[in-house]
Amino acid sequence: MEGELGLATAGLSATVLGRIDTFRFEERAMLLHCADLIRDGAYEKALAEVDIHSRSFWASHDLSRRQSQWEVCRLLGQLGMEVDRAEASLKRLNGKAKSAQALADLYTAKDGWHLVDSTHRHLETHVSRMDDEPEAEEALAIVRARVDTVLRNMAQVFTPAFESDHWTVPGYLHQTNIYPDKVEKLPGRVAWFHVDALRYEMGIQLSRQIPEAMDLELVAAVAALPSITPLCMAALLPGAAASYSVVEKSGDTAAKVGDKLLTTVDERMKYLKSM
């Protein structure tokens with residue numbers, strides 16, 4: 001019937017289609033309609049449509065490909081809403097923060113800025129795994145640009161506050177103190193994982209994957225500067241709280257804990273085994 005009546009090419013607006021996608025063309029039309037809503041910033045309305053039409057017969061009929069397209073719209077809608085909330089919060093600051101700690105509090109709050117990073121990461125991970133190109137291409141480009149803008153605005157507010165606080169974030173655990181404050185005090189045998197680039201929002205997701213943990217504590221820590229892998233991984237080691245420094249080695253930067261230069265995994269492992 002769809003083919004005989006030429007419904008797919010009849011120019012029917014998605015706004016006049018019902019909640020039930022009787023014909024195949026309706027599912028695709030509604031997907032593009034949701035993408036247009038996201039493009040125009042109507043994120044809440046778009047998410048309501050996604051909730052209805054992503055569960056339609058046609059979206060479920062070709063489960064892997066169609067659901068993947070609807071998931072892009074869902075994540076874009078959620079990300080757009082998080083960007084809106086972050087922008088509103090930044091606007092209230094009027095370009096200036098009281099302190100680096102105040103901004104860190106805004107980031108780590110339960111509904112804080114970290115949700116922009118988390119939702120953005122889920123979106124980009126999903127898109128990278130898709131077999132087809134996202135049909136919400138224009139909406140994707142616009143939301144990506146908004147994310148870039150809000151992250152840049154965060155940095156522009158944080159940098160002077162961080163400098164004013166002498167490159168520290170008072171009230172937050174420093175990376176060099178993780179071992180003496182959180183690891184060394186634990187009784188018995190301890191498994192201690194060093195994970196490179198484990199952002200705070202990733203820590204939140206990890207904590208949700210181990211709900212059976214009897215004693216679970218999630219704490220934000222401030223990385224040592226400059227925050228590059230060879231230096232920050234060394235900043236986690238025992239002794240770093242008392243004696244950690246960044247020095248020059250063969251024209252490059254290197255971490256020094258006590259009298260040991262630690263730039264490679266082998267050197268750090270050897271240092272740990274000697275403790």
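Taking the Cα centre of the range 231-275 as reference, the dipole from Cβ charges on Lys and Arg (+1) and Asp and Glu (-1) amounts to some 160 debye. Taking the alpha-carbon centroid of each part, what is the distance from the range 131-155 to the range 29-101 in angstrom? So the separation of the two Cα centres works out to 11 Å.
Charge dipole of the range 92-237 (Cα centre as origin; +1 on each Lys and Arg Cβ, -1 on each Asp and Glu Cβ, all else neutral): 600 debye, rounded to the nearest 20.
Solvent exposure of THR149, expressed as accessible area, is near 50 Å², computed with a probe of 1.4 Å over the protein chains only.
Which of the pairs LYS182/LYS249; LYS96/LYS182; LYS182/LYS256; LYS182/LYS273; LYS185/LYS270; LYS185/LYS273 have their Cα atoms more than 24 Å apart in this structure? Exceeds cut-off: LYS182/LYS249; LYS96/LYS182. Annotation: ASP215 carries an accessible surface of approximately 150 Å², with a 1.4 Å probe and no ligand, DNA or RNA atoms counted. If you take semi-axes √(5λ) of the Cα gyration tensor in Å from the coordinates, which of (i) 77, 27, 14; (ii) 24, 22, 19; (iii) 47, 22, 17 do you get? So the structure-derived entry is (iii). Against the chain, whose longest principal axis comes from its Cα atoms, helix 24-39 is set at around 50 degrees. Here, the range 81-167 yields an orientationally averaged convex hull projection of 6.2 nm² when only Cα atoms define the hull. Angle, helix 43-53 long axis vs. longest principal axis of the chain, Cα atoms, 0 to 90°, nearest 10? Around 60 degrees separate the two axes.
Helix 63-93 and the longest principal axis of the C-alpha atoms of the chain enclose an angle of approximately 60°. Kindly provide the chymotrypsin sites (Phe, Trp or Tyr not before Pro) of the range 151-233 that DSSP labels as loop, not H, G, I, E or B, and whose Cβ sees at most 14 other Cβ atoms within 10 Å. Loop-located and lightly packed - TRP167, TRP192, PHE193. In plain terms, the chain from ALA42 to SER227 could stretch by 62.9 nm, reckoned as 0.36 nm per residue minus the Cα-Cα distance. Taking the chain as a Gaussian network of alpha-carbon nodes connected by springs under 10 Å, the highest mean-square fluctuation of the residues GLY251, GLY171, GLY77 belongs to GLY251.
Taking all protein chains into account, the per residue accessible area for the chain stands at 61 Å² (1.4 Å probe).
The values are calculated or read from the model by the stated rules, or taken from the named source; none is laboratory data. It should be emphasised that the depicted structure is a prediction, and the values quoted were computed from it without experimental measurement. Note that we place each Cβ from the backbone using ideal geometry, even for glycine, and neighbour counts take in every protein chain shown. Note: areas computed on protein heavy atoms with side chains; ligands, DNA, RNA excluded. Shrake-Rupley method; radii C 1.70, N 1.55, O 1.52, S 1.80 Å.
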